[in-house]
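Chemist: Okay, handing you the structure first.
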Amino acid sequence: MTGVKGMIEVDQYQLIRQMYLVKGKSQREIARELNISRNTVAKYCNGDALPTPSFKKRPKIVLSDDVLAKIKEYLQEDQEAFKLGAKKQKHTAKRIYERLKEENELTFKGSYETIARTLRQMRQNQGLLNVYIPLAWDPGDAMQVDWGEATVIISGNKVKCHMFCARLCHSAFPFVVIFPAERSEFFLEGHKQAFEFYKGATRRVIYDNLKTAVQEGWERYVKKEQPTLKLLKAHYAFESEFCNRGQANEKGLVENLVGWVRRNILTPIPKAESWDELNLLLQNCCTAYLKHQVKGKNETVGTQYAKERTKLLPLPRKPFETCRMQICKVHKDSLIRIDNNHYSVPCSLVNQMVTVKAFAFHIEM
């Protein structure tokens, strides 16, 4: 349902954008299926406006260390049974769940599904599920994203930088931008620049367990995403997917990209006067990669990207605000504190609360 004066939730905004862009439905059809007014659909279908999301806190449910230790104990019993020749007498997820309920009824409050997922992951980490299948990607289907670290020299000072790396899965066209940290505003700015660089958005974006993306859960069992990621997804009409821990092959394109940038662009250590100068170097190198031909493919990256470009989702009309918002009180010295830095504001605002938008490289109050 819509809120006051046509305001909608982020999930409904995402539905409107995807039904309009991906499924090609008319505004009338969308309004009828979602039971909202056509004016609301018209307002949001082209990305002209962003809804104001409201996020409710939910209790975080995780398995305790004691419960995990118990599960490992049960699996150890399976190994001992195997040595005795009882190869088929091993714990199933159901049996482990039953034992936890029986033996730890006062402390264990988890569900069967949680136990089943945890057991599956433990067995995978033991190498019992290491099966690899070559991946093939449709044009415009997916983009892989990851962070990497490197050392650069800016204005004569050695600086540890964080590389936001993205790569289109079909054409393998890379995009890299560097930031001083991996905070939320840099995560959002990286996506925005990547989509603008590619001149469109993919239908899926694949991550590992980035703190800037995941609020609750882990790997493929993410329960809750960061509110900023939810709004970003809605605005660009893409879906998110998360890889399993230790399974680099699930996003091998971007994993290889991180190492390729370090070896081919950032060696020797580059020197620049500003972050913008370094990012321009990276962008030019990514553009030059269009001439490259990936091993095993018959066409260059540029030729494949030309085909993929037509399949990307169009960018929304309103640029996404890639900022982290917070409320600060102005101290008696006309300063506010943000990330251990102090900024001056007009004296007339002393003792008042101001809204701060922290973007990647500037702050608005």
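The values are calculated or read from the model by the stated rules, or taken from the named source; none is laboratory data. Worth saying up front: this structure is predicted, and the values here are computed from it rather than measured. FYI the Cβ positions are ideal-geometry reconstructions off the backbone, even for glycines, and counts take in every protein chain you see.
Chemist: Where the second residue is loosely packed, with under 12 Cβ neighbours inside 10 Å and not in a loop (DSSP other than H, G, I, E, B) and the first is at negative phi and lies in region 263-291, which pairs have Cβ atoms under 9 Å and are six or more apart or on separate chains?
Modeler: As it stands, the answer is I269/K158; C285/N264, since those pairs meet every condition given.
Chemist: Moving on to the next point. Quick check, is G302 assigned by TED's automatic domain parsing to the domain that holds F164 and modelled with pLDDT of 95 or more? Please lay out each step first, then the result.
Modeler: Numbers: assigned by TED's automatic domain parsing to the domain that holds F164: yes; modelled with pLDDT of 95 or more: yes.
Here the answer is yes, as G302 does meet what is asked.
Chemist: Continuing with the same structure: If you check E250 against the conditions, is it acidic (D, E), at positive phi and at pLDDT below 80? Full working, then the answer.
Modeler: Numbers: acidic (D, E): yes; at positive phi: no; at pLDDT below 80: yes.
Considered against the rule, which asks whether it is acidic (D, E), at positive phi and at pLDDT below 80, E250 comes out as no.
Chemist: Also, I was wondering about something else. Just name the residue that is nearest to N209 (Cα to Cα) out of those in region 245-269 that are basic (K, R) and assigned to a helix (DSSP H, G or I).
Modeler: At the first step, the residues of region 245-269 found to be basic (K, R) are 245, 251, 262-263.
Pick out the ones that are also assigned to a helix (DSSP H, G or I) and you get 251, 262-263.
Numbers: K251: 12, R262: 22, R263: 25 Å.
Checked region 245-269; the qualifying residue nearest to N209 (Cα to Cα) is K251.
Chemist: Among the candidates K295, K329, K271, K291, single out the residue that is among the basic types (K, R) and not assigned by TED's automatic domain parsing to the domain that holds F197.
Modeler: Values: K295 fails: not assigned by TED's automatic domain parsing to the domain that holds F197; K271 fails: not assigned by TED's automatic domain parsing to the domain that holds F197; K291 fails: not assigned by TED's automatic domain parsing to the domain that holds F197.
Sole residue among the options that is among the basic types (K, R) and not assigned by TED's automatic domain parsing to the domain that holds F197: K329.
Chemist: Report yes if Y112 is closer than 30 Å to L313 by Cα and modelled with pLDDT of 80 or more, otherwise no.
Modeler: no
Chemist: Select from region 270-309 the residues that are aliphatic (A, V, I, L, M) and either more than 18 Å from V254 (Cα to Cα) or in a helix (DSSP H, G or I) (or both) and list them in ascending order.
Modeler: A272, L278, L280, L281, L282, A288, L290, V301, A306
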